[in-house]
Structures are given as C-alpha cells and as structure tokens.
C-alpha cells in the first residue's frame, strides 16, 4: 500500500510539473531549475519504483521469512589481488531468519577444494580464463573470481560450490574484504578470541589472518590450527572463531550504533569492500540500478577500467603503490585521445608469503569504439570484447625495489556528445575491488571552447581541466563546454 501511494504521489507530481506554463517558469527562475532537475531524475525514479514493485514478491525468500535464507560468503585476501577483489581464502554461509542475521559459519576454502580433488573429480577452467596459470589439476571455488564483473564472478562461485559440495540452496553471494571488517571493528571495538589468546583490532586484523594462514600459527608451520569442526586440543580455524565472536558482538550492539554500521555498509558497497549478488533477478536489477552491483558498467561516454590479477601466488599487492596519469585531448568531432601511463612501484619491504617476484596479468576495459595506437612497458596478450567493452590484455613481472610503467596511446571515438546546450564529455574510471590507485587526469577541450570547461578543476589555459584523487570507488568526471 505504501509503495502504491508513492506511485500515486509521483504521478501527481508529474502532472503538476507538466502543467507549468512557460510564463510560470520565466516568472520564477528557481522554479524552472527545479522543473528541469525533476525531469532529469524522473526516469530513474520511475525505474526504481518499477523494480521495487517487482522485488516485493521475492522479499520473503531473500530475507528468510518463509524459510531460512542462505548466502554464500567469500572472505577475500586483497594482498593477493584477483580480478574480483582478492584470493578467496575462506568461504561460508550467512543465514537470515526473519530478516535477521542469525548465523555466520566460515571455513578454509582449501578444505572444500582439496576434498573435491582428492576424490578424483575435477572442474575445467573456462576458455576465457586460460591466462590463469595457477590452475593445474582442477578449477575451484577459491579461484572462481577471475572477472571484475561481480555478477559473473558470483555465478561462477555458486557453480563451483554446487559442483564441489552443495548442501544448501543459495539466495546469492557476499564477498567481503578485510577493509570492511576493519571498519566495522571501529564500531564494535576489539574482538577477543579466547581460544587463541588473541584480540583482533583494526590494526592487526590482516597480520593475524596471515599469521594463522601462512605464518607460525598455521598447520604447515606447526602452530596447530585445526580444520573447522575437528575435536582436539589446540586452536580451531582463526577466521571461523573470529566470525562467531564478531556476530555475537553485532547482536550486542546498542541501537544507537546501527546508523554508523549502516553507513559502513553503504560506503563498502561503493568501495567494493562489500560486493553482493542476488539470484532473484528483481533484487539484482534493483541493486544494479543503484550502481551498487559491482558490475563492469556500460558507459554512455568515455571509460577506463584497469584490472590486475596476481598470478605469482604471493601476497605482494599490499606492498605496491600504483599511480595512473591520463592526458586526454578532445577534438572537434568529440573523439578523445588518451596518453595513459600506469606506474607500479614495489618500494616497501615486507613478507611476501610466496615467490619473491610479482607477476601480474592486466586487462583494460575501454569503450567499444576505441582503438589502440601504441603500447609500451608490458608483454601484450591480445585484444578481445567483453561486457560491451574493448579489452586489451598484457602481463609483466616486478621485483622488490623496482618500478614499471605501462604506457598506452588510444582514442575513443565520438564519446563527447553535442546537443542544443553545447558539448558534454563524460569519463567513467572504474575501481577494482581490493585495489588502490592514485589517479591524475588532465583533459583538454578543443581550442574553440571560449571558456573553462565546467566539471573539473581548472589548470593552465582556459581549455584544460584536471582531477587528482585516490581511486577508491567508481568515479565519473563530467566536462561541459561550448564551441
């Protein structure tokens, strides 16, 4: 009934705005601006209402109202970066009953995968992922997120889980990075794990994960970490114990902390420290309409998305700094020529937990109209098309103390659009989950533009604008100019 009333109110508002006469808008300039903004956002609002209406029948199953709802949970290790955000170190299930998170069970993903392969069964790596050279015997759940488009990666995760050891019907997939847990710990406070005599904080979270996975606390180092569910003297799986204590602490939080926790979740959806996929099409469509689906987005204008994959089986990504510089020149026909450099520097010393050399398989997604004129600094691995984009691939290796720069010269055709109010250039730079870049963009419009383009910070002459920031979420830049 409430949703129906909202639709009625929107329709009344549309009728009221459409009834405005030109004289009304001239009399009150502010009214004219408001009417223009209303018409601008109206299609999005109407789509949102339509998708919300379709979502209602699916809500009981999604929230566990009619029966418990199970979601596959992936805990990503971003220090070993994969296209989907990081190596899937642990997996488990979040159980919703009556709209409330009632349980969260976490296990080492290797336990699932090893049991499957030891039974003599195998999963074939899809042809599009043959570049991933770490699969020798069988593909697996822990290596399923080889695409930066999360719906694609999530469907493969469900498929591999189902093939390896399906026990429950899933409503969707949640992928979580340590950054989300660390931000939540800032609200819950430190979490004690009595069995391990440890206290987990925002500062030591990643170190403890590695200590119990690869360091002195792991079985391979004689630390005695046991598989989940095993009964013996000694400690159990670290992340399983942390999940249990963390969930218990969440249930103890006062209501006054819920707004802060909600803000952490919203921010994490933007930064992709939390990625969600729903099997129900209505729920997934709504998520994507809110730009919260962690997809490789179609772009109405120009776009750039660099996706790194650590193929060296080590944990070097936390030690790298990455800087992207892009010089964009827009010509009189709306074509944008880019001189893009991507600099990788390994100047921070630290434990790699694996081979001493970092190897990276890089894919770059640009508009389908793009052409690559020049490339340097990497070993080219071919071109393809995916997700409505042109894709360029390459690889490189890097050792401690070294830097490497990849340079690309390319043109995206017809990405600046002209209408009655002038020219409009939109540039979407997407953020890979678990990754961090320092982004510097300078855009120059045609010399016929009589004044500084709006939308970015002015630098130099009147035809150049710039933006400099950390790329921690999908970022869209707009330039408007007249010629």
> Could you give the nm distance between label points at residue 203 and residue 475, where each point is 7 Å from its Cα heading toward the beta carbon?
Replying inline: 2.9 nm
>> For the ranges 199-210, 144-155, 412-423, what's the packing order if you count other beta-carbon atoms within 10 Å of each residue, average per peptide, and put the highest first?
In response: 144-155, 199-210, 412-423
> With each label point set 7 Å from Cα along the Cα-Cβ vector, what nm distance links residue 413 and residue 387?
Replying inline: 2.4 nm
> Taking a ≥ b ≥ c as the square roots of the eigenvalues of the Cα gyration tensor of segment 366-418, is the shape rounded (a/c under 1.5), prolate (a/b larger than b/c) or oblate?
Replying inline: prolate
> Taking 0.36 nm per intervening residue step and subtracting the Cα-Cα distance, what contour gain separates residue 379 from residue 103 on full extension?
Replying inline: 94.7 nm
>> Using only the alpha carbons of segment 72-209, what is the convex hull's orientation-averaged projected area in square nanometres?
In response: 9.6 nm²
> Between residue 321 and residue 369, 0.36 nm times their residue separation minus their Cα-Cα distance comes to what?
Replying inline: 14.2 nm
> By what distance, in whole Å, do the Cα atoms of segment 302-481 stretch along each of the three principal axes, largest value first?
Replying inline: 58, 31, 25
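Readers should treat all values here as calculations from the given coordinates under stated rules, not as data from a laboratory. No experiment lies behind these values; they were computed from the predicted model shown. Positions of Cβ are generated from backbone atoms using ideal geometry, with glycine treated the same way; all protein chains shown enter the neighbour counts.
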